[in-house]
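Novice: Quick one: this structure, given as structure tokens, is what I'll be asking you about.
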Amino acid sequence: MEQRQINTVEETLPFGEKIIIESWNHRNIDIETYKSMHRGTLTPEFWEMVANELEWFKKWDKVLDDSNPPFYKWFVGGELNPSYLCLDRHVKSWRKNKVAIIWEAEPVDSNGVPVEVRKLTYYDIYKSVNRMAYALKRNFGIKRGDRVGIYMPMIPQLPITMLALARIGATFTVVFSGFSADALADRLNDAEAKLLITANGFYRRGNVINLKEIADEALEKSPTVKSVIVFRRIRDLNVRMIEGRDYWWGDIREGTPENAYIQPEPLPSEHPLYILYTSGTTGKPKGIVHDTGGYMTLLHATMKWVFDLKDDDVYWCTADIGWVTGHSYIVFGPLMEGATQIMYEGAPIYPNPDRWWAIAERYGVTILYTSPTGIRTLMKFGDQWVKRHDLSTLRLLHSVGEPINPEAWRWFFEVVGNSKCPVGSTWWMTETGGILISHTPGSYLVPLKPGTNGLPIFGIDADVFNENGQPAKPGEKGYLVIKNPWPGMPLTIYGDPQRLIDTYFKKFEGKFYAGDYAIKDSDGYIWVLGRADEVIKVAGHRLGTYEIESSLISHKAVAESAVIGVPDEVKGEVPVAFVVLKQGFDPSDELRQELHQWVRQTIGPIADPSKIFFVSALPKTRSGKIMRRLLRAVISGESLGDTTTLEDQASIDEVKIAYEKLKTEIGG
Ligand code: WT7
């Protein structure tokens, strides 16, 4: 087999290169000055100053209760409400009729002009949220502490639903609309949701997706859900409605007074605002629980420092609200700050690969927050798609979700941002609630470097540790840790607090272990390299390899399976599966297709392996642990390294043969 010379990621990073944006003149600052200011912010009192900028119904008695680590409580005794912060406050000000959301549906006419655009003001959203909150309370008896599931596409009714639930103090869990019925059912069951709010369908790449049908399948396995509210997104899409269980959103709204007003519940700072499930290293997704006061405080800080949001900005975060990025930086962050923002229903390349640029031009977007996969996807189609649009309004760009390779960074900086906008790569995760490591053009801007995450934001003490828990030397690869408690950190893992301790606070006693590899360069900039565990990032979406393995093993033909992530030019990483069949089943293309379909149905299309290899044994250690490292080495053409613990040499030879065979079959 051909031996390719693979450079490690680290060797290709431009650690030394520094770019200063002249137009940011008044905010530019040198690295040492930033670091010395930063040192003074690593106290709870600093975060207290930030929290004081929000409007609280009641001030806290204690800034940080650290009596039971790692279950920290922020702003104890304080009371607030996110729906009040995002709506009532603006409605009482000049922002009342300011446009909050410009929503563009996916379908376009024959000239490529969008056929449906809605502009909702803060007052419009305020009224809808109050009517929804009214119905949830009066018709469905939803009250503080109840859990409610949300399974909706990118339509304004999604943030409206989240804000209505926050208003009455119900804890919601949003399930990404690309997830399967099984994934939805698992989450509804774990959260013991009483109610599900969904839509009949939505548009994606020109197709109609029947969401209600998938929800119905999930509901057969979700006994705690007693009622379902369905928004009619697609007028002509008929779905089954079960009498006494399913209700049309429109009918419910009709039944509420137009001027309904529901007083926002004064929620304790440590009230669980939402649960968001995310993948880990076991088959069962973790329900990350976020608080209210700490979370809103972190979002307020980062909207200012990272996004530099001003009233005349047109802000656009291209994420889906089904992921944490959308929760924090479409719903709660921007709306709390009174932003005007774009919300787009569909795919970036529909009907053409310039849809995003057309939208940015149409509404004069100034701040764009997107993902490396999005950037790489559009970069592939060439500069001409960008150049046909006037993007001169853009002033600030950020990416999130996975490491951004220097090449994609450069394209984003030069072609999209015309070399005048700061480009950051904001590091954070579902667990952190908001951005923790990033350039902060809204406060002080240190020089940019293509591909770095930059320095920790004020108030965050981040570092890179080696295996022994000592700070790694500059340039040495280690593990990313957050050393201090921060507002927005998880309250717990729903139903399993011990898992919070075991997953994040054990490896480096008492410090938050993110599960990422990182390097700190000689300037102190952090470069997150990727996951250090069996979690992969596919197009920025987080998947546990174990989840995909569990899905495959649940198929009747599969005895064993191992899934690894392999580098992909566009998606960053993609899953590849090795499958051992049960006796009586033979490898065939039909079976392979069936397995692809199986994963799509049990988890969702994003989890579908890019390749499935049939083998008769998996490489294992003598104690029976699958050696995924060896599988990765075969696929990437790297040397196998130490194989002394391998039990059966033949298994790895077989993996090599299967790989070679598939390569010739499909031509590479
Ligand atoms: C994982 C968390 C937080 C919003 C979306 C992802 C990776 C995230 C970056 C970045 C390098 C990044 C990490 C992290 N990640 N942002 N800017 N540079 N890696 O949230 O799904 O919880 O995933 O995404 O590996 O651990 P998530």
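None of the figures in this text is laboratory data; all of them are computed from the coordinates on show. Computed from a prediction, not measured in an experiment: that's the story for all the values here. Cβ atoms come from the backbone with ideal geometry, glycine included; neighbour counts cover every protein chain shown.
Novice: Contour minus end-to-end for Phe46 and Thr224, with contour as 0.36 nm per residue of separation and end-to-end as the Cα-Cα distance? If you can, show how the numbers build up before the last one.
Specialist: Working: separation 178, 0.36 × 178 = 64.08 nm, distance 4.26 nm.
This chain segment gains 59.8 nm when fully extended.
Novice: Take the alpha-carbon positions of the chain, form their convex hull, and give its projected area averaged over all directions (one quarter of the hull surface) in nm².
Specialist: Details: hull surface 118.0 nm².
Directional mean of the projected Cα hull area for the chain stands at 29.5 nm².
Novice: Another question, if that's okay. Mind jotting down a quarter of the surface of the convex hull over the alpha carbons of segment 349-412, in square nanometres, one decimal?
Specialist: Details: hull surface 16.4 nm².
Taking the Cα atoms of segment 349-412, their convex hull projects to 4.1 nm² on average.
Novice: Here's something else I'd like to know. For an R0 of 56 angstrom, estimate the FRET efficiency from the Cβ-Cβ distance between Ser588 and Lys143 and round to the nearest 0.05. Spell out each step's value before the answer.
Specialist: Working: r = 54 Å, r/R0 = 0.97.
E between Ser588 and Lys143, to the nearest 0.05, is 0.55.
Novice: Compute the length gained on full extension between Ile553 and Lys420: take 0.36 nm times their separation in residues and subtract their Cα-Cα distance, giving the result in nm to one decimal. Please list the in-between numbers first.
Specialist: Values: separation 133, 0.36 × 133 = 47.88 nm, distance 5.07 nm.
Fully extending the segment from Ile553 to Lys420 adds 42.8 nm.
Novice: Taking only the C-alpha atoms, wrap a convex hull around segment 293-437 and report its volume per residue in Å³ as a whole number. Show your work: numbers first, answer last.
Specialist: Values: hull volume 14.3 nm³, N = 145.
Looking at segment 293-437, the number lands at 99 Å³ per residue.
Novice: If you look for lysine pairs in segment 554-668 that are eight or more places apart or on different chains, how many of them have Cα atoms under 18 Å apart?
Specialist: Numbers: Lys556/Lys582; Lys571/Lys611; Lys582/Lys620; Lys611/Lys656; Lys611/Lys661; Lys611/Lys663; Lys620/Lys656.
Step by step, the pairs that qualify in segment 554-668 add up to 7.
Novice: Report Rg(Cα)/(2.2 N^0.38 Å) for segment 116-251, keeping two decimals. Don't jump to the answer; show the numbers that get you there.
Specialist: On the way: Rg = 14.1 Å, N = 136, 2.2 N^0.38 = 14.2 Å.
That works out to 0.99 for segment 116-251.
Novice: What is the distance in Å between the Cα centroid of segment 607-655 and that of segment 99-150?
Specialist: 49 Å
Novice: Determine the relative contact order of the chain: mean sequence separation of Cα pairs under 8 Å and six or more apart, normalised by residue count, in whole percent. Can you show the working numbers first?
Specialist: Numbers: 1441 pairs, mean separation 90.5, N = 668.
It comes to 14 percent, rounded to a whole number.
Novice: Moving on to the next point. So, in nm, how far is label Asn68 from label Ala617 when the simple model puts each one 7 Å beyond its Cα toward the Cβ?
Specialist: Here the modelled spin labels are 5.0 nm apart.
Novice: With only Lys, Arg, Asp and Glu charged, each at its Cβ (+1 for the first two, -1 for the last two), find how big the charge dipole of segment 534-666 is about the Cα centre; round to the nearest 20 debye.
Specialist: Working: 17 positive and 20 negative charges, 61 e Å.
For segment 534-666, the charge dipole is close to 300 debye.
Novice: What distance in nm lies between label points placed 7 Å from Cα along the C-beta direction at Asp642 and Ile19?
Specialist: Reported label-point gap for Asp642 and Ile19 is 4.1 nm.
Novice: Oh, and also: With the cut-off at 1.5 for a/c, could you classify segment 534-666 from its C-alpha gyration tensor as rounded, prolate or oblate? List each step's numbers first, then the result.
Specialist: Values: a/c = 1.45, a/b = 1.15, b/c = 1.26.
Since a/c stays below 1.5, the shape of segment 534-666 is classed as rounded.
Novice: Please give the length that would be gained between Glu116 and Asp311 if that part of the chain were fully extended, namely 0.36 nm times their separation in residues minus their C-alpha to C-alpha distance (nm, one decimal). All intermediate terms of the calculation are to be shown ahead of the outcome.
Specialist: On the way: separation 195, 0.36 × 195 = 70.20 nm, distance 2.53 nm.
Here the answer is 67.7 nm.
Novice: What is the packing order of peptides 160-169, 407-416, taking the mean over residues of other C-beta atoms within 10 Å and listing the highest first? Each step should come with its number before you reach the end.
Specialist: Values: 160-169: 26.6, 407-416: 20.5.
For the peptides 160-169, 407-416, the packing ranking is 160-169, 407-416.
Novice: Counting Lys and Arg as +1 and Asp and Glu as -1, each charge on the Cβ, what is the dipole of the chain about the Cα centre in debye, to the nearest 20? Don't skip to the answer; put the middle values down first.
Specialist: Working: 77 positive and 85 negative charges, 256 e Å.
With only Lys, Arg, Asp and Glu charged at Cβ, the dipole is about 1220 debye.
Novice: Sticking with this structure for a sec: For a protection proxy built on the mean count of beta-carbon atoms within 10 angstrom, sort 76-89, 628-641, 584-597 highest first, please.
Specialist: Values: 76-89: 22.6, 628-641: 16.4, 584-597: 13.5.
Order by mean packing, descending: 76-89, 628-641, 584-597.
Novice: Rounded to the nearest 0.05, what FRET efficiency do Lys98 and Tyr261 have when you use their Cβ-Cβ distance and R0 = 22 Å?
Specialist: Numbers: r = 20 Å, r/R0 = 0.92.
For R0 = 22 Å, the calculated efficiency reads 0.60.
Novice: Sorted by average packing, counted as other Cβ atoms within 10 angstrom per residue and highest first, what order do 276-282, 39-45, 261-267 take?
Specialist: Working: 276-282: 20.4, 39-45: 13.3, 261-267: 18.6.
In descending order of packing, they fall as 276-282, 261-267, 39-45.
Novice: For every other residue with a beta carbon closer than 12 angstrom to the beta carbon of Ile242, add +1 if it is Lys or Arg and -1 if Asp or Glu, then tell me the sum.
Specialist: Numbers: positive: Lys212, Lys226, Arg240, Arg245; negative: Asp216, Glu220, Glu243, Asp246.
Charge balance near Ile242 sits at 0.
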